[in-house]
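Heads up, the thing below is written out as structure tokens.
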Amino acid sequence: LAARLDALEADRKAQGERTEQLEDEVRSLHARLSARGVDVRTEREVQRMTAELGGRVRKVEARMQQDATAQAQAMATSARLARLEEKSETLERLVRQTLGAVERQVASLQAMVLEAASDVATWKAES
């Protein structure tokens, strides 16, 4: 058992040394790339940036959806206003026609009243 524990401890130390060597290599590569002007980002930074860009894309998509909805509402409102304008013009034409008919009837009635007044005056003059 002691031999097995010693072997595990030696293996752990060897892994720790190998980890340190790998970290040194990564730092060295990072320094060499940085010296060449290469922007080296860690995977975590890339994931963060990707998530941030994904958030921005979702915001843009939401804004585009809102714009599309607003445009559809504006088109519907415009169509509604066009229909209301047509109805308004139709009503205006009907009111003018009705007013013209009423004015003709008033003129006709005035003529009848004048004729009746003339008849009454003539009847009084003859009586």
- With the checklist (1) open to solvent by less than 100 Å² (accessible area, probe 1.4 Å); (2) at pLDDT below 80; (3) among the hydrophobic types (A, V, I, L, M, F, W, C) in hand, flag the one item residue 51 doesn't pass. (2)
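Conditions (1) touching a residue at least 40 places away in the same chain (Cβ under 8 Å); (2) aromatic (Phe, Trp, Tyr); (3) part of a helix (DSSP H, G or I); (4) open to solvent by less than 90 Å² (accessible area, probe 1.4 Å), marked per residue:
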site	(1), (2), (3), (4)
13	no, no, yes, no
17	no, no, yes, no
22	no, no, yes, yes
27	no, no, yes, no
32	no, no, yes, no
37	no, no, no, yes
45	no, no, yes, yes
55	no, no, yes, yes
61	no, no, yes, no
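The values are calculated or read from the model by the stated rules, or taken from the named source; none is laboratory data. Worth saying up front: this structure is predicted, and the values here are computed from it rather than measured. Ideal geometry is used to build each Cβ from the backbone, glycine not excepted, and the neighbour counts take in all protein chains shown. Calculation scope for accessible area: heavy atoms of the full protein, side chains included, ligands and nucleic acids excluded. Shrake-Rupley method; radii C 1.70, N 1.55, O 1.52, S 1.80 Å.
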